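Beneath this line is the structure, given in C-alpha cells, with notes to follow.
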C-alpha cells in the first residue's frame, strides 16, 4: 500500500539548512537527517532544533546511527 509520502533524505552542510528539515516535516514527510557533514556543535544544534520540532508538531525522532536521525511526523 502506498501512502503518497516521500521519505526526504537530507545531508545539511550548515545549520542554516534546518529550514529544509522543518519544511518537509511540517508537510508530513518523514525526514532522514544525515549530520555527518556537520561539525559536532552544529550537529547538536540541529538535533536540538529537530527535538523542538517534534515537541511542537508531534511525532518522534529515532537515532539510526551516531549522526543520522529519522524524524517521523505524527
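Just so it is clear, none of the values below were taken in a lab; they were calculated from the coordinates. Here the structure is a predicted model, which means the values were calculated and not measured. Positions of Cβ are backbone-derived with ideal geometry, glycine not excepted, and every protein chain shown enters the neighbour counts.
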Query - Flag if residue 7 is out of contact with any helix residue (DSSP H, G or I) (no Cβ under 9 Å at 6 or more places or on another chain) and closer than 17 Å to residue 73 by Cβ - result: yes
Requested in this report: Return the residue satisfying two criteria in turn: it lies in the stretch 32-66 and is crowded, with 17+ Cβ neighbours inside 10 Å and part of a loop (DSSP other than H, G, I, E, B), and of such residues it is farthest from the chain's Cα centre (by Cα).
Outcome: 38
**Report entry** Condition met for residue 71 (in contact with a helix residue (DSSP H, G or I) (Cβ under 7 Å, 6 or more places away or on another chain) and not in a helix (DSSP H, G or I))
**Finding:** yes
Query raised in the report: When the stretch 3-31 is examined, which residues are found to be buried (at least 16 other Cβ atoms within 10 Å of the Cβ), free of Cβ contacts under 8 Å to residues at least 40 places away in the same chain and not in a helix (DSSP H, G or I)?
Result: 8, 10, 12
**Report entry** Residues that are in contact with a strand residue (DSSP E or B) (Cβ under 6 Å, 6 or more places away or on another chain) and at positive phi, drawn from the stretch 36-69
**Finding:** 59
